[in-house]
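J.: What follows is a structure written as C-alpha cells; I'll ask about it next.
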Amino acid sequence: MTKLRVYELAKQVGISSKKLITILEDLDISVKNHMSTLESDTAKLVVDLLEEESGKTKEKKPEETSEVKKERSTEKKTEKNIEVEKKIITLPAKINVKELGNHMGVEPVKIIKKLMDFGLMVNINADIDFESAKKLAGEFGYDVNEEKTESKGPSIEEESDDPENMKPRPPVVTVMGHVDHGKTSLLDAIRETSVTTQEAGGITQHIGASEVEVNGKKIVFLDTPGHEAFTSMRARGAKVTDIAILVVAADDGVMPQTVEAVNHAKAAGVPIIVAINKVDKPTANSERIKQQLAEYELIPEEWGGDTIFVNVSAKAKTGIDQLLEMVLLVSEMAELKANSICQARGVIIEAKLDKGRGPIATVLVQRGTLKVGNGIVAGATYGKVRALFSSFGKRIKSAGPSIPVEVLGLSEVPTAGDILLAVSSDREAKAIAEEQKYLQKESEYTTPRRISLNQLFEKLQKGEVKDLNLIVKADVQGSIEALKQALEKCSCDQVQVKIIHGGVGAVTESDVLLASASDAIIIGFNVRPDSNAKRMAEKEQIDIRTYRIIYDVVDDIQLAMKGMLEPEYEEVVLGRAEVRALFKVPSIGIIAGCFVNEGKITRNSNIRLIRQGIVVYEGKIASLKRFKDDAREVTSGYECGIGLEKFNDIKEQDIFEAFINKPIER
C-alpha cells in the first residue's frame with residue numbers, strides 16, 4: 001500500500017500544509033507534522049471531503065462577510081461610548097524633580113522623600129527617567145502617558161498593516177556553520193555563481209545577499225561571516241532571518257563553531273535546517289553527525305524529532321533541490337507575509353564606500369516597496385535613492401519585501417544592522433537623521449543597565465527577571481558539562497537558569513556579543529576574557545564572572561537568587577606582560593624575560609599565568625627585576641624579569657596578568 005507525506009498531499013490539493021494538518025486533526029487523524037505519512041485510503045478520503053466542501057463555501061461567503069461587517073461596526077460604537085475619567089498627566093522621557101512636582105501639583109520635597117524611600121538620594125534638579133516618574137506619579141494617584149515626539153528616527157511608529165494587503169513574501173535564509181565546512185561553496189552551488197574564488201583565501205570576508213528562484217518561488221540567502229554578524233544585528237533589534245541552514249561537514253563532524261551557531265540560532269528563535277555537506281567523501285558519516293547534534297536538541301524527523309536533515313554535496317551538486325524544497329516547506333509552514341503597498345522599511349545588511357559611486361548600502365527590504373527617488377533615513381545617515389541594483393548587478397526601479405538591493409544616494413556609510421526607512425521628502429529625512437544623531441549622543445551617556453549577579457535579587461523581587469541566561473566558558477569540555485548540570489539544578493519557581501551557550505577556551509568578543517543580545521551573564525571557569533572582550537564587556541555593561549572552583553559558581557548563583565550575594569572585593573587588573581625569553585638561574589629556578597604590553601606590573605600584586613586563554617597558575621610574584629636591580633613596578637613599553645613563587649612551568653608567549661583585589665565601597 002502506497003504512503004503519502006502530508007506536504008505532498010497539501011501540494012496536490014492546493015492548500016498549505018498547516019491548513020491540511022488542522023483539517024486532519026478535526027477528522028481525528030493523528031499527524032505530528034508536515035513530514036508525517038498518510039495511507040492512500042486516508043488521503044483519498046481527505047481529497048473527497050475537500051472537493052465536497054469547496055462547492056458549499058462559495059455560496060456562504062458573501063453572507064458571512066456582511067454579518068462580520070455589521071458586528072465590527074457595532075463593536076466600534078460601543079468602544080467609543082465607554083470612556084472612564086482618570087487623573088492623567090503626560091510626561092516626557094526625562095524630567096527633573098521640580099518639573100514633575102509642577103505637573104502633579106506636589107511639593108518637590110515630598111517627591112524627594114519618596115525617592116529616598118526607594119533608596120535614591122537626589123536633589124531638586126536631578127533628572128529621573130520615565131519609568132521612575134511613572135512609579136512616583138502612581139504613588140500620588142496619577143496615571144501617566146508618555147509624551148510622543150513627532151520624529152524619533154527609525155523608531156517612528158508605523159501604520160498598522162491591513163490583513164487584505166498582506167501578501168506572501170520570499171523567506172530570508174542565513175547559512176551558518178564552522179569554518180571550512182562549505183558554507184560559501186554550498187551557496188555557490190545553489191545560485192551557480194563563483195563567489196568563493198573572488199574572496200581572500202576562499203573564506204567569506206563580508207555579508208552578501210542574493211536571491212534564487214525555485215519552482216517560480218524566490219528564496220533570499222544571506223551569506224554571513226559566521227554567526228557574529230547574525231547576532232550583532234539581533235542585538236541592534238533587527239530580526240532579519242526567517243530560517244537558518246546549519247552546514248556541517250560529514251567528514252569533520254560537529255565543531256565548536258557549529259555549537260556556537262546552534263546556540264545563536266536558538267537564542268534568536270529561528271527554525272534550523274541541517275545541511276550535512278561533503279557526503280560524497282569516502283570518510284563521510286552522516287549518522288554520527290545526527291547523533292552529535294541530538295545532544296544539542298536537534299533531533300532528526302526519522303528519530304521522532306522536528307529538525308529537518310538533508311544530505312548534500314556542494315562539489316557534486318547533489319541534494320541541493322531537496323534542500324531548497326525543504327526551505328520552501330518550512331517557509332510555507334511559517335506563513336511569511338508582508339505589506340508591499342506601504343512606505344518601505346528595511347535593514348542595512350552591509351555598507352561600504354566606493355571610490356566612484358560614494359556610500360553604498362546593501363538593504364534587505366522587509367515591508368513596503370523601495371523606489372528610486374524615495375527620501376531615506378538609516379540611523380544617523382540620510383539621503384535620496386539615486387539608483388537601485390539587484391543581487392545580479394542589474395539596475396532596477398523598485399524592490400519589494402524580502403528583496404536584497406544595493407542602494408546609492410546616502411550621505412555617509414551607515415552601520416550594518418541599522419533600520420532604513422523611506423520618508424516623504426529629503427528634508428524630512430535630514431531632520432530625522434539629525435534628531436537620531438542627538439539621540440545617539442544622549443544614549444552614550446545613558447546606556448541600558450544589563451543584568452548582573454549583584455542586581456539579580458532586586459530584579460527578582462520586582463518580577464523583572466524570569467529567566468537567568470548564562471554563557472559558560474571553561475578550559476575543558478568536562479568542566480562545561482559539570483557546570484551545566486550543577487547550574488541547571490539552581491532553577492527555582494521564581495527564576496529558570498538557562499545555559500544558552502557553552503564552549504571551551506577564553507571568553508571572546510563573540511561571547512560578549514551573544515550576552516548583549518540575550519541579556520546574559522558570562523561565567524568563565526579557569527579561563528580569562530581577552531583584552532578586546534574585556535573592552536567590549538565594559539562598553540556593553542556585560543557581567544563577566546571568573547572562577548577556579550565549581551562550588552563557588554553554584555554558591556554565587558544561589559546566593560544571588562536569595563539576595564545574599566555580597567562580594568567584598570573587586571578584582572582590578574593592573575597590567576599584562578608577554579613572556580619573550582626564559583632564563584634558568586641556579587637555586588632560584590626559571591626567570592621569565594617579559595615585555596609589558598598594557599598597564600603596569602607591581603611587586604606586591606597577585607599574578608596570573610595565562611596560556612592560550614587558559615589560567616595555568618595563580619599566585620604571588622617571587623621577584624621583579626629591571627636588568628639586575630629589584631623593581632617596585634614596571635610600566636608599559638619596558639622589559640623586566642619575573643619569577644613566580646613555587647612555579648617553574650613557564651613557556652614563551654605565555655601571558656602574565658597582574659591584579660589586585662580592591663574592597664568594594666557600599
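The values are calculated or read from the model by the stated rules, or taken from the named source; none is laboratory data. Just so it is clear, the structure is predicted and the values come from calculations on it, not from any experiment. Note that each Cβ is placed from the backbone with ideal geometry, even for glycine, and that neighbours are counted across all protein chains shown. Accessible surface areas use protein heavy atoms only, side chains included; no ligands, DNA or RNA. Shrake-Rupley method; radii C 1.70, N 1.55, O 1.52, S 1.80 Å.
J.: So what's the Cα pair-distance distribution over segment 320-383, bin width 10 Å, in %?
T.: Once binned at 10 Å, the Cα pair distances of segment 320-383 give 17, 35, 27, 19, 2.
J.: Semi-axes of the equivalent ellipsoid for segment 484-536, please: Cα gyration tensor eigenvalues, times 5, square-rooted, ordered largest first, whole Å. Intermediate results must be reported in sequence, preceding the final value.
T.: Working: eigenvalues 103, 35, 12 Å².
Over the Cα atoms of segment 484-536, the ellipsoid semi-axes are 23, 13, 8 Å.
J.: How large is the Kirkwood hydrodynamic radius of segment 573-666, counting all unique pairs of alpha carbons, in Å?
T.: On the way: mean 1/r = 0.0760 Å⁻¹.
Radius from the Kirkwood sum: 13.2 Å.
J.: Just order 265-276, 326-337 by mean Cβ neighbour count inside 10 Å, highest at the front, would you? Spell out each step's value before the answer.
T.: Numbers: 265-276: 19.8, 326-337: 18.0.
Most protected by this proxy first, the peptides run 265-276, 326-337.
J.: With a bin width of 10 angstrom, please list the P(r) values of segment 295-341 as percents of all Cα-Cα pairs, from the 0 bin to the one holding the largest distance.
T.: 22, 37, 30, 10, 1
J.: How much accessible area does Glu598 have with a 1.4 Å probe, in Å² rounded to the nearest 10?
T.: 80
J.: If you don't mind, there's one more thing I want to ask. Leaving ligands, DNA and RNA out of it, work out the accessible area of Glu633 with a 1.4 Å probe and give it in Å² to the nearest 10.
T.: For Glu633, solvent-accessible area is about 90 Å².
J.: While we're on this one: What does the extension gain come out to for Thr37 and Glu131, with contour length at 0.36 nm per residue minus their alpha carbon separation? Before the final figure, lay out each step's value.
T.: Numbers: separation 94, 0.36 × 94 = 33.84 nm, distance 5.32 nm.
Between Thr37 and Glu131, full extension yields 28.5 nm more.
J.: While we're on this one: Run the numbers for Glu25 and Lys430: contour at 0.36 nm per residue of separation, minus the present Cα-Cα distance, in nm.
T.: Values: separation 405, 0.36 × 405 = 145.80 nm, distance 5.44 nm.
Here the answer is 140.4 nm.
J.: Looking at segment 509-556 from every direction and averaging, what is the projected area of its Cα convex hull in nm²?
T.: Working: hull surface 13.0 nm².
Mean projected area of the Cα convex hull: 3.2 nm².
J.: Among residues other than Ser390 whose Cβ falls under 11 Å from its Cβ, what is the net charge (Lys/Arg +1, Asp/Glu -1)? Walk me through the intermediate numbers first.
T.: Details: positive: Lys394, Arg395, Lys397; negative: Glu211, Glu406.
My count for the surroundings of Ser390 gives +1.
J.: Roughly how big is segment 538-666's charge dipole about its Cα centre, with Cβ charges of +1 (Lys, Arg) and -1 (Asp, Glu), in debye to the nearest 20?
T.: On the way: 20 positive and 23 negative charges, 122 e Å.
Roughly 580 debye, rounded to the nearest 20.
J.: Can you tell me the relative contact order of segment 538-646? Whole percent, Cα pairs under 8 Å, sequence separation 6 or more. Mind dumping the intermediate values first?
T.: Details: 164 pairs, mean separation 23.5, N = 109.
Reported as a whole number, the value is 22 percent.
J.: Please work out how much accessible surface Asp48 shows to a 1.4 Å probe, ignoring ligands, DNA and RNA, in Å² rounded to 10.
T.: Result for Asp48: roughly 60 Å² accessible.
J.: Given all pairs of different Cα atoms, what value in angstroms does the Kirkwood hydrodynamic radius of segment 516-601 take? All intermediate terms of the calculation are to be shown ahead of the outcome.
T.: Numbers: mean 1/r = 0.0622 Å⁻¹.
Taking every pair of different Cα atoms in segment 516-601, averaging 1/r and inverting gives 16.1 Å.
J.: Kirkwood hydrodynamic radius, computed over distinct alpha-carbon pairs, for segment 265-403: how many Å, to one decimal? Mind dumping the intermediate values first?
T.: Values: mean 1/r = 0.0541 Å⁻¹.
Computed over segment 265-403, the radius equals 18.5 Å.
J.: Here's something else I'd like to know. Take peptides 389-401, 368-380 and line them up by average Cβ neighbours within 10 Å, highest first, as a rough protection proxy.
T.: Numbers: 389-401: 15.6, 368-380: 21.9.
Ranked from most to least packed, the peptides come out as 368-380, 389-401.
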